[in-house]
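Worksheet: the structure to be examined is printed underneath.
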Amino acid sequence: MSIPNQTGTNQQWGGRFAEGPSAIMQAINASIGFDAKMWRQDIRGSLAHAAMLAHVGIISSEDEAAIQKGLADIAAEIEAGRFEWSEALEDVHMNIEARLTDRIGEAGKRLHTARSRNDQVATDFRLWVRDAIDGLAAQQLELIRVFVRRAEEHAGTIMPGYTHLQPAQPTTFGHHLLAYAEMLWRDRGRMLDARARLNECPLGSAAMCGTGFPIDRHATAKALGFDAPTRNSLDGVGSRDFAMEFLAACAICATHLSRLAEEIVIWTNPAFGFVTLPDNLTTGSSIMPQKRNPDAAELVRGKTGRINGALVGLLTVVKGLALTYAKDLQEDKEGVFDAAESLTLCLAATAAMVRDMQPNIPRMAAAAGAGFSTATDLADWLVRELKLPFRDAHHVTGRLVSKAEGMGVDLSGLTIMEMREIEPRIHEGVFGVLSPSASVASRRSHGGTAPDNVRAMAREWQERLG
């Protein structure tokens, strides 16, 4: 067997750089392959900048009108897929500006007065992240609504609760789902907090030190929906903590979704059999016809790694940068774009799974009583009824569990006489706390798993969500 020609492989992938350093520099320097995603934000920023320049008298109203029409025409070209992006022009900003100048002439050349690509990209990027946050926060809100609807539906559906993935105490499916509503509410709060902090406009910071032109940064900021202009030009062009915070919020949210995805993978396993997913959220096997793989859940779990990686990647890019702008910051966008897209998919997939999954109520109920899950209820009963100190009650309960385990029965399978061999004062009332239904009904403390609590909390959520 011959060995493939390794030189040929290198030529295949590296041949485009045969022209030498200039080709390499163009390829490594160009960002148009990904930053074209910001074309809407770039045009919005340019429109606001042009309006401000005309307002303060730096350009004429005729130039502003020409710029507005030219940018509107370019937006229509891009929307229609007719715009020709050029790698030679490096980025989205130069591509649009060059096309604008082609269309309207000298007026297009005046647009870049009193700004730099440094403050332009910082502004565009903030606008893009802000738009992404608005979309993701809306998705999070809708997912919370899905959790709340299903929780109310299954407020009394008993299922096993776990610690260490071992049977712990009975809970309800509704209570379990509301736990994720709480997480998603905090996730949405983090998104909105990040939005509030990023909502300052860098435009007018110019390359790094501001500009000598008599610009009105407050007018530009207001036109773009920012609360105010940034207060320090060096910080305005050189900081990317708004993107880091956005990625952190994405990563935390994705991690919560991944935890639920893992539970769905477990629950759909026939060994558990707690829920089934519809066919359109599962896949079959290419060789094993009986399989229904929970691929939607697995992909949510897997994409979390990409989102977490984007956060670590950006932190690593920025950690060694002295102020202000450096070309390293060209690497700030791809991870953000990918994380936003991935989280959008994860939220949509999770909403579909939660909305359409069907719990196996008898299977859940049976599992809820396994593993001596009412042992804590027994210990609590011994404290309440027999006035034992909790540590003594814990010890008595442990001995009763050991006895039942040795006899191959659950706690309710022990007779009164068998229980009295360990604690003589136990009476028939003990059987009232040994069933999973009695256990969940007793957990009425605020935030507890009792079905009435879950129904009340679902109503509270509905009022909050409007």
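The values are calculated or read from the model by the stated rules, or taken from the named source; none is laboratory data. No experiment lies behind these values; they were computed from the predicted model shown. Note: ideal-geometry Cβ built from the backbone for every residue, glycine included; neighbour counts use all protein chains shown. The accessibility values were calculated without ligands, DNA or RNA, using every heavy atom of the protein model including side chains. Shrake-Rupley method; radii C 1.70, N 1.55, O 1.52, S 1.80 Å.
Think of a 1.4 Å ball rolled over the protein heavy atoms: the chain then has 48 Å² of accessible area per residue. Each residue was assigned an accessible area with a 1.4 Å probe, and for Asp410 the value is about 70 Å². Computed over protein heavy atoms with a 1.4 angstrom probe, the accessible surface ordering of Thr415, Thr449, largest first, is Thr415, Thr449. Past 32 Å, Cα to Cα, is the threshold; run Lys69/Lys319; Lys222/Lys303; Lys69/Lys303; Lys222/Lys327; Lys109/Lys303 against it and keep the listed order. Correct reply: Lys69/Lys319; Lys222/Lys303; Lys69/Lys303; Lys109/Lys303.
Its relative contact order, with pairs defined as Cα atoms under 8 Å and 6+ residues apart, puts the chain at 16 percent. Using a probe radius of 1.4 angstrom, the carbon and sulfur fraction of the accessible surface of the chain is 54%.
Of the peptides 231-238, 436-443, the order by per-residue mean of other Cβ atoms within 10 Å, starting with the highest, comes out as 436-443, 231-238. At full extension, Gln358 and Glu421 could sit 18.3 nm farther apart than now, given 0.36 nm per residue minus the alpha carbon distance. Take the Cβ atoms of Ala168 and Arg197, set R0 to 35 Å, and the FRET efficiency comes out at 0.35.
Taking every protein chain into account, the 1.4 Å probe leaves Glu200 with about 50 Å² of accessible area, to the nearest ten.
In terms of the mean number of neighbouring beta-carbon atoms within 10 Å, the peptides 84-91, 181-188 order highest first as 181-188, 84-91.
Helical runs assigned H by DSSP (4 residues or longer) give the chain a calculated mean residue ellipticity at 222 nm of -20500 deg cm²/dmol, each run adding -39500 (n - 2.57) before division by the residue total.
Once C-alpha pairs closer than 8 Å and six or more residues apart are averaged by separation and normalised to the residue number of the stretch 224-308, the relative contact order reads 32 percent.
Using a ≥ b ≥ c from the Cα gyration tensor of the stretch 23-113 (square roots of the eigenvalues), is it rounded, prolate or oblate, where a/c under 1.5 gives rounded and otherwise the larger of a/b and b/c decides, a/b for prolate? Because a/c hits 1.5 or more and a/b exceeds b/c, the stretch 23-113 counts as prolate. At full extension, Ala366 and Asp452 could sit 28.8 nm farther apart than now, given 0.36 nm per residue minus the alpha carbon distance. Placing unit charges on the Cβ atoms only, positive for Lys and Arg and negative for Asp and Glu, gives the chain a dipole magnitude near 840 debye about its Cα centre. Based on C-alpha pairs under 8 angstrom that are at least 6 apart in sequence, the stretch 23-113 has a relative contact order of 41 percent. Spin-label pair Ser61-Asn269: with each label point 7 Å from Cα along the Cα-Cβ axis, the two points sit 7.3 nm from one another. If the Kirkwood radius is taken over C-alpha pairs of the stretch 62-210, then at 37 °C and 0.692 mPa s the Stokes-Einstein diffusion coefficient equals 166 µm²/s.
In the assembled protein chains, Cys209 presents an accessible area of approximately 100 Å² (probe radius 1.4 Å). Summing charges over all other residues whose Cβ lies under 14 Å from the Cβ of Glu428, with Lys and Arg as +1 and Asp and Glu as -1, gives -1. Packing, as the average of other Cβ atoms within 10 Å across residues, places the peptides 338-350, 392-404 in the order 338-350, 392-404, highest first.
Over the chain, all Cα pairs binned in 10 Å intervals from 0 give whole-percent P(r) values of 4, 16, 19, 18, 15, 12, 8, 5, 2, 0, 0, listed from short to long.
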